[in-house]
Amino acid sequence: MQAEQLKENPEIQADAGKCPFTGAATETPANDPRLSEPQCPFTAASPGTVMVGNTGAPRVPKIKTIPFFGAVKHFTGDCMPWLNEMRKQYGEAFRFPVMGQEITALTGEDAIALLEHDELLTTKDKMDTLVKAVGSKLPGTFDGPYHKHYKRMQTAWLNRKLEREKRPEVVEAVVANVSHWQTGYEFDPLHETQAQTVDILSRVLNGEPFPFNHKELALVVRTLIIATYGPLPLWVTLNFPGFKKTMEKFNQNSLKLVHKVRTDPEFAEQTLMGQYLKYDAKEDLGGEWKDSDLKIVPMAAYLAGYDTVASAAAFMSYQLLTHPEWLQKVREEYVELSRNSEGDVDPMQQKVLRACFMETTRIHPPGILVTRTATKDFLYKGYQIRKGDECIIQIASNNMDEEIYGPNTDKFDPSRFMGDDLTARKRALLTFGSGAHRCSGAMIGPLFSQEMVAHWVNYFDLELVKGHEHPRVACLPFTQPLNLKIRVKGKRDPFAA
Ligand code: HEM
């Protein structure tokens, strides 16, 4: 993890500036002339296990699975336990088919070290597909030579200051979205958090309430995810009924936003798109910010935030409703902090709620893995990875490790993230990825999730509906709780004695 990213991560600020990788010497095992050291420091994290070149070493072991369809069943269900089991059986590298596509899974510390930059594993192929699907060059900048420059446009703004300034709007959005909740009202927490998340994102990043309906967004987001990561040719996916028409609607609205941002400096200041215009467009964008490229800014935020923030918030509300002792602590903390708070309670100060967020995403990480393509032939753990191999890196591979998190890691216990000296645990928890593509929304994502859940559980008495009290965990591709239903038992006043 780079020093810069350590600083960005609020959970591990204590160690900011300490770079565990750079500067360490690397060795070339066996002095094989066909191998060379990578240009980057990740071999220091995994001495001798990652070498660039091709020695004709055996390929990564193939796991026993159904031909062609392969692991598709696991990847539509909860794939974390399955990946952990495969790791136990086959080691830190194994491969399997998913609908005819061969996937190489890399797990453990060394795989995480490979994410440090795009030297050997890249997101480029996927982003090039997205560029074609959305007709904007912007996704291509995520893996181009100016990635860091463009990423700064996001991380410099999507920070704690933004949350503090926009907190009243965030709370207002949540309040508006729950205003119809009456006693007896039943809802699916995933759909509800998805709808509330995009409304919050739209208000905070685009300066307007979310202007579409949930169905329209779900259609566009799902189609674009399948187009980018799925096995089907682009033309097949993009012809999904209703997609083109709905995407066009989104584009028209975005182009109106582009116009407003270009002509109204005050409005521009309040939007993510406006922040982009403060930075140079580099050669990869033809040296200028074109409307056609900018139009994708709102959709990119929905693609990144819609399922992830919602997944964390939906699982967190489920965990609180099934762990009344922690619900009680969350409520007490809210009342306590409200006494000394001038406005809405700062989610960063809600230590119990924050610990609940971390514990929830440890057990149910919204993103279990990230996808990459190998840019070169290289050796990993003595196995040959070939240029072009489709790889997944299991960022959640240590989430159940009892040496890191203590006993009974299958149990929800937020106290794992409370108390002193939590640096090792927080560093090991890669909810927001690691390295070059670590999440740009890593600061605002958890805060918005917390603000949503805090309002729900403090201002409503809620219960799980019989027959819908156990989630079916699905990986679509973000981990999501299906089949849950919550009933409003009544409104509550958190300050009533
Ligand atoms: C709880 C909420 C969230 C979770 C768990 C999450 C998780 C992740 C993960 C695991 C990655 C790494 C992907 C990879 O390495 O390929 C990522 C990347 C990213 N996320 Fe998030 N995310 C969340 C919320 C958000 C939000 C709210 C935004 C923006 C509005 C956002 C914007 C991004 C962007 C732009 C990237 C790509 C960064 C890059 O390639 O440099 N995320 N996210």
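The table that follows gives values for the structure above.
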read-out	value
Folded to 0 to 90 degrees: helix 324-339 orientation relative to the chain principal axis, Cα	70 degrees
Cα-centred dipole magnitude for the chain, charges only on beta-carbon of K, R (+1) and D, E (-1), debye, nearest 20	1060 debye
Charge-dipole axis of the stretch 3-491 as Lys and Arg at +1 and Asp and Glu at -1 on Cβ define it, positive-most pick from L369, Y405, V175	L369
Relative contact order of the stretch 67-166, pairs being alpha-carbon contacts under 8 Å that are 6 or more residues apart, as %	17 percent
Inter-probe distance in nm under a simple model that places probes 7 Å from Cα toward Cβ, at T183 and E463	1.3 nm
Sum of -39500 (n - 2.57) over DSSP H runs of 4+, divided by residues of the chain (222 nm, nearest 500)	-14000 deg cm²/dmol
Angle in degrees between helix 214-229 and the longest Cα principal axis of the chain, rounded to the nearest 10	10 degrees
Charge context of G70, other residues only, Cβ under 11 angstrom, K/R +1, D/E -1	+3
Nearest 10 degrees, 0 to 90: helix 444-459 Cα axis against the chain principal axis	30 degrees
Cα-Cα over 24 Å, subset of K351/K411; K215/K329; K148/K260; K88/K126	K215/K329; K148/K260; K88/K126
Rounded, prolate or oblate (a/c below 1.5 giving rounded, otherwise prolate when a/b exceeds b/c) for the stretch 228-355 by Cα gyration tensor	oblate
Viscosity 0.692 mPa s, temperature 37 °C, Stokes-Einstein D of the chain from Kirkwood C-alpha radius, µm²/s	138 µm²/s
Formal net charge of residues neighbouring S136 (Cβ-Cβ distance under 14 Å; K, R +1; D, E -1)	-2
Relative contact order (percent, whole number), the chain, Cα cutoff 8 Å, 6+ residue spacing	23 percent
Relative contact order (%) - criterion: Cα under 8 Å, at least six apart; region: the stretch 296-361	34 percent
Positive-end residue of V258, A310, P233, charge dipole of the chain with Cβ unit charges	P233
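Coordinate-derived values only; no laboratory data. Given the structure is predicted, the values throughout are model-derived calculations rather than measurements. So basically every Cβ, Gly included, is an ideal-geometry build from the backbone, and we count neighbours across all protein chains shown.
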